[in-house]
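Structure, as structure tokens:
The values are calculated or read from the model by the stated rules, or taken from the named source; none is laboratory data. Predicted model only: the values in this text are computed from it and were never measured. Here Cβ is always computed from backbone atoms with ideal geometry, including for glycine, and neighbour counts include all displayed protein chains.
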Amino acid sequence: MSTSVPRVLELDRVPERMPHRDAALGQLANALDPLRSDRPAYPICISGPTGAGKTAVSRFAVRELRRETAVNTAHVDCLRTRSRAAILEEALVDAGLKTRSSPKADAASSYLAQLEDADSPIVLTLDEAEHIEDEHLPHVLFEADGVTPVFVVHEYERFAARLDAATSSRLRTGPHIELKRYSQSELVDILQSRVDAGDLSGITDGTLELIADTAAGNAREAISILREAYVEGKARDERVTPALIADVREPAMESIRRYNVERLDTPHRLLKHMIDDAGEIRAGELADRFEVEYPDAHGRDRRRYLNVLVRYGCIRKQGSGRGTRYLSIAQDG
């Protein structure tokens, strides 16, 4: 019989406590504070490396705001949903506000009007905002009545540089909350808080420290390793020990890769499929194949898609310039 995953170890679960993110949560709460008295808030940006808690911090703070006010909230993953119309429609759906369909040609304007016509203001969190196709959408949201955008990105300066001068300047007037990678001791505290919250037993001394050291500052990776180790320990009727961690690290990474692949849209999946099919492929050859299958994408789009695949461990990059090659993870193993 398979062992179920404790809820406290689910990757998307927003915890009741966030150790070592009090300062960031305080900044975000202050930035959202005007909404508590029916005043508009400035646009907000949260940045930081993968696994630093950006998504969890945004969801935690917005959840607390929702508990205290009648504000509408929506969270859109822009890695999966990238066009203006799709983002605005997803925002309406996630906030429970979508009331009517719209002709395709006029969909974005109609969805925006529905957001503006809502009875309460909306906090719209755009996760992975650097992947928004329409670079004018941030400006549109800045001008929209009753919409407070929260942009969640990896690199603040790179995101701001993609915007026109006026929109970038507007972004910079709002709060920027920068998260750093967790230290080893901070990751131990995060894991311990999950263990305590789930009343998980059978985890021996030194195991959390080893997991934190293995995850190298990435909370998502650390939680995934703990989850795999806990489930495997239960299946073996054993305690979770440091010796078990080596056995479960690769399954944990594969679990994260599957999670990330499920979030990808068509061009990302197409590139990954091409690389997996080849095992290893030169950048130039990959560009030629991709252009045939997806002619509307520019070279910078393709490079951005590839950077996403590398960042999330879906493929591996080797070399630079004309010598760049991309490797399937299966081939690399």
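Structure summary
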read-out	value
Check on D301, under 26 Å from E221 (Cβ atoms), in a helix (DSSP H, G or I), among the charged types (D, E, K, R) and not assigned by TED's automatic domain parsing to the domain that holds L79	no
Residue match in region 190-204 (condition: basic (K, R) and assigned to a helix (DSSP H, G or I))	yes
Verdict on I190 being in contact (Cβ under 8 Å) with a residue 24 or more places away in the chain, buried (at least 22 other Cβ atoms within 10 Å of the Cβ) and touching a Ser or Thr at 6+ places or on another chain (Cβ under 8 Å)	no
Meets criteria (over 22 Å from L115 (Cβ atoms), free of Cβ contacts under 8 Å to residues at least 40 places away in the same chain and out of contact with any helix residue (DSSP H, G or I) (no Cβ under 8 Å at 6 or more places or on another chain)) for D33	no
In region 52-79, residue modelled with the lowest pLDDT [restricted to those that are in a loop (DSSP other than H, G, I, E, B) and under 17 Å from the mean Cα position of the chain (by Cα)]	L79
Any hit, region 172-179, residues being in a helix (DSSP H, G or I) and under 19 Å from I256 (Cβ atoms)	no
Test: residue in region 234-253 that is outside the structural domain of E128 (by TED's automatic domain parsing), of a type in the set (S, T, Y) and assigned to a helix (DSSP H, G or I)	no
Test: S185 is under 19 Å from H20 (Cα atoms) and without any contact (Cβ under 8 Å) to a residue 40 or more places away in the chain	yes
Count - residues of region 116-130 that are farther than 30 Å from V308 by Cβ and either outside the structural domain of S58 (by TED's automatic domain parsing) or surrounded by fewer than 22 Cβ atoms within 10 Å (Cβ to Cβ) (or both)	5
Hits in region 193-207 - residues which are surrounded by 13 or more Cβ atoms within 10 Å (Cβ to Cβ) and over 16 Å from R227 (Cβ atoms)	T204
Pairs with Cβ under 7 Å, 6+ apart, first in region 59-74 and in the same structural domain as V152 (by TED's automatic domain parsing) and in contact (Cβ under 8 Å) with a residue 60 or more places away in the chain, second surrounded by 14 or more Cβ atoms within 10 Å (Cβ to Cβ) and assigned to a strand (DSSP E or B)	R59/H75; V62/T73; V62/V123; V62/T125
